[in-house]
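The values are calculated or read from the model by the stated rules, or taken from the named source; none is laboratory data. Keep in mind that this is a model prediction, so the values were computed, not measured. Positions of Cβ are backbone-derived with ideal geometry, glycine not excepted, and every protein chain shown enters the neighbour counts.
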Amino acid sequence: MTEEKSTNNLLELNLRRDEHVELRAGNLGVRLAKNDEERDAARALRYRIFYEEMGAIPSEQAVRTKRDFDDFDQYADYLLVLDYDQSTVMDQVVGTYRLLPQEKADLAGKFYSAGEYDLTALQEYPGRLLEVGRSCIDANYRGRVAMQLLWEGIALYIFIHRIDILFGCASLSGTNLADHAESLTYLYHAHLAPPALRVTAVPERRVEMVHMDPHKLNHRHALVKLPPLIKGYLRLGGYVGDGAVIDEQFNTTDVAIIVKTELFADKYYRHYERRLRDALEIT
C-alpha cells in the first residue's frame, strides 16, 4: 500500500470514528449537533428566519414554542454553524442544515420531499441518498464564510457516509409564478435532470416550469437572479426535477435539486484535505 493510500485510509478511519469532527474558520465552526440543546437552538433559528423574517405561516404549536419542527426532525442530523464568540448555545447557533440519510428516512417512513415529488427515480438509482433541507443562516452572518462552512460540512458528511446522491427541495421566495417565470424556465431548459435521476412533482401539487419562450431567455441574467443556494448546487453540477411546487405555508415556490456527489466530494474534500487532517489531529 502506498503512503498516500495509507494516509487516506487513516483519515477515513478517524472520520468514521468521530462524526463530530469540527472545521473552523476564525470564531466560526461547523459540525453536527451533539445534544438536544443544540438541536433546539437550530429549531429556534429556523423559526426566526422562516416565520418571523420570511413570512411562513406557523402552526399553533410553532407560535407557542417559537420553534420550527416537524415529524422528520426527530430522525434527522443537524449540521450547525456556531459562533464561539457568543456566550450561550442559543446565540452560538447561527446557521443550520437538516440532513436525512436513507436509513433515517426509512425510520421516518419517507423523505420529506416525498410530499412534493415522486422520488421513484432516485430510489431506484444505485447508491446512497441524502436529503438536505431547512437551510438557513442568521442575517448577521450571511457572508461568504458561514455559507462556505455549511458546504464544507455537507462535503464532510458525504465523505463519512459514502453518499452518492444529494437531493432536496430548494426554494424561490414567494408564490407568484409570474415573478419566477424567467428562473423556472431557465432551470427547466438548462438544468433538467436526465431521466435516470428525474424526479417529478406530484400531480396534485405540480405547476409547470416553462412560463416564457425559452429562446428569449437571457441565461446569464436568469442565473444571476437565482438564490445563492440554488446557484451553489448548479455550480456543483446539480440538476432540477420536472415541475415546481407552491408551498403556501412557507411562502415559497419549490424546485427539486439533485446532485451526484462525486463532484461535490472532489471539490471540497481535495481542497480542504489539510484542514480535515488538522481537525482530526492526524500526524
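Would you call A196 among the hydrophobic types (A, V, I, L, M, F, W, C), outside any loop (DSSP other than H, G, I, E, B) and surrounded by 13 or more Cβ atoms within 10 Å (Cβ to Cβ)? Against the criterion (among the hydrophobic types (A, V, I, L, M, F, W, C), outside any loop (DSSP other than H, G, I, E, B) and surrounded by 13 or more Cβ atoms within 10 Å (Cβ to Cβ)), A196 does not qualify.
Answer yes or no: is there a residue in the range 51-68 that is acidic (D, E), assigned to a strand (DSSP E or B) and at pLDDT 95 or above. No, the range 51-68 contains no residue that is acidic (D, E), assigned to a strand (DSSP E or B) and at pLDDT 95 or above.
The residues in the range 228-267 that are of a type in the set (F, W, Y) and free of Cβ contacts under 8 Å to residues at least 60 places away in the same chain can be counted, and the count is 1. Does any residue of the range 92-100 turn out to be closer than 16 Å to E22 by Cα and more than 17 Å from the chain's Cα centre (by Cα)? Yes, the range 92-100 contains a residue that is closer than 16 Å to E22 by Cα and more than 17 Å from the chain's Cα centre (by Cα). If we keep just the residues of the range 128-175 that are under 15 Å from T96 (Cβ atoms) and assigned to a loop (DSSP other than H, G, I, E, B), which is modelled with the lowest pLDDT? Among those that are under 15 Å from T96 (Cβ atoms) and assigned to a loop (DSSP other than H, G, I, E, B), it is R142.
When P126 is tested against (1) within 22 Å of D40 (Cα to Cα); (2) touching a residue at least 12 places away in the same chain (Cβ under 8 Å); (3) not hydroxyl-bearing (S, T, Y), exactly one condition is not met: (1). For the range 237-268, the set of residues classified as modelled with pLDDT of 90 or more and either surrounded by fewer than 13 Cβ atoms within 10 Å (Cβ to Cβ) or part of a loop (DSSP other than H, G, I, E, B) (or both) consists of G237, G238, G241, G243, E248, Q249, F250, N251, listed by residue number.
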